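Some notes on the structure that comes next.
Throughout, read-outs are computed from the coordinates displayed, never taken from laboratory work. Since the model is a prediction, treat every value here as computed from it, not as a measurement. Backbone-built Cβ (ideal geometry, glycine too); neighbour counts: all protein chains shown.
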Amino acid sequence: MGALIASLAARQHLALALLSAWLIVTSPWVHMYRRIPANAGLFDYSHIVLGLAALLLAVTFMVSCARRGRWRLYFPWLSGDVRQAGRDLRGLLRREVPTAEGGGLFAIIEGLLLLALLATAVTGGAWLLTAGSAEAVGWRSHHVLAARGMIALLVLHIVSVSLHLLDFIRE
């Protein structure tokens, strides 16, 4: 059963990576503000449909990542454990690449990225649910802010993975 869950999580990760990439890259061509415009096109509708798919996947991926106490790997700060992250930060000052496991800096970045992904998806869903109302504009603002935070964390995640792969290749 554990292997099945791991395989599912890997597929969820890949699907979320592809969906997020599409949603981020095409977002400049999305023309929604308070409601779906009458002349909405491919990018508008694909953003809605794929955004809803990302919301569903983000929730199920969070469950996959957090089950059986694994939440401590991605969110060690919730239990007050920041020792490994502190070691990783001190190591960065000595030009050492942090480890990929053990609730350290890279894992915290992954956890924060997952939270930002959820926040982006939830605020996007709320924006859609309130379309046509005054609240839609507020939810749009929250969605844009969450998306920008997610993008920043995504860049950190990509850098972290790249550093880890470089370290792996060197050995």
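Compared with the direct C-alpha span, the chain from His164 to Thr60 gains 34.8 nm at full extension, assuming 0.36 nm per residue.
Whole angstrom only: what separates the Cα centroid of segment 121-159 from the Cα centroid of segment 23-81? Answer, in whole Å: 8. Of the peptides 108-114, 154-160, the ranking by mean beta-carbon count within 10 Å, highest at the top, reads 108-114, 154-160. Using C-alpha pairs below 8 Å separated by at least 6 residues, the relative contact order for the chain is 22 percent.
Among Asp81, Asp44, Asp88, the order by Cβ neighbours within 10 angstrom, fewest to most, reads Asp81, Asp44, Asp88. Projection of the Cα convex hull of the chain, averaged over all directions and equal to a quarter of that hull's surface, yields 11.7 nm².
Measuring max minus min along each principal axis, the C-alpha atoms of segment 3-78 give extents of 47, 27, 17 Å (largest first).
With semi-axes defined as the square roots of five times the eigenvalues of the C-alpha gyration tensor, the equivalent ellipsoid of segment 116-171 measures 36, 8, 5 Å, largest first.
Taking only alpha carbon atoms, segment 63-138 gives an Rg to Rh ratio of 1.19, where Rh is the Kirkwood radius.
Kindly express, to the nearest 10 degrees and within the range 0 to 90, the angle between helix 135-170's C-alpha long axis and the longest C-alpha principal axis of the chain. Roughly 30 degrees, rounded to the nearest 10.
Say R0 is 25 Å: what FRET efficiency, to the nearest 0.05, do Arg148 and Ala3 get from their beta-carbon distance? E between Arg148 and Ala3, to the nearest 0.05, is 0.10.
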